[in-house]
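The values are calculated or read from the model by the stated rules, or taken from the named source; none is laboratory data. Being a predicted model, the structure only gives us computed values, none of them experimental. Virtual Cβ from ideal backbone geometry, glycine too; neighbours counted across all protein chains shown. Each accessible area value is taken on the protein alone, full model and side chains, heavy atoms only, with ligands, DNA and RNA left out. Shrake-Rupley method; radii C 1.70, N 1.55, O 1.52, S 1.80 Å.
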Amino acid sequence: QATGWGTLLVDEEGRGRAAGSIQRTYRGFTARQQVQRLLEQELSDFEAEVQAEEQEFRQWEEQRALAQAQAAAKWEVEVREDAGRWALAVEADAAAPRWQ
């Protein structure tokens with residue numbers, strides 16, 4: 001039934017097609033929203049993983065630096081001890097009687 005200019009006559013089949021189109025559009029919209037949420041969650045998970053790996057790397061660097069400092073300090077002590085023993089040996093050698 002047309003009631004005026006621009007009124008669209010829609011029969012039962014046309015209403016069914018329109019409803020199907022609306023449903024497909026809505027399903028497509030909700031599917032895109034779900035994909036968007038999944039992508040955002042995946043990005044968030046990835047960023048958290050990157051931050052955890054960065055923290056782990058910083059801790060490893062700190063441990064490595066500490067180990068290097070400890071090794072250098074130990075080496076310095078050993079060098080001083082060796083130098084002291086060598087100096088004592090030289091003094092003892094110098095003080096030893098010489099047979100000619």
Open item on the list: As an exercise, use a Förster radius of 35 Å and the Cβ-Cβ distance of Ser21 and Phe46 to find the FRET efficiency, rounded to the nearest 0.05.
Closed with: 0.40
TODO: Could you compute the FRET efficiency for Ala92 and Ala71, with r as their C-beta to C-beta distance and R0 at 22 Å, rounded to 0.05?
DONE: 0.10
Open item on the list: So with the 1.4 Å probe, I'd like the accessible area per residue for the range 30-75, rounded to whole Å².
Closed with: 93 Å²
Open item on the list: Given Cβ point charges of +1 (Lys, Arg) and -1 (Asp, Glu) and nothing else, what value in debye, to the nearest 20, does the dipole of the range 6-89 about its Cα centre take?
Closed with: 420 debye
Open item on the list: Within the range 55-100, what whole-number % of the accessible surface is contributed by carbon and sulfur, with the 1.4 Å probe and all protein chains included in the calculation?
Closed with: 59 percent
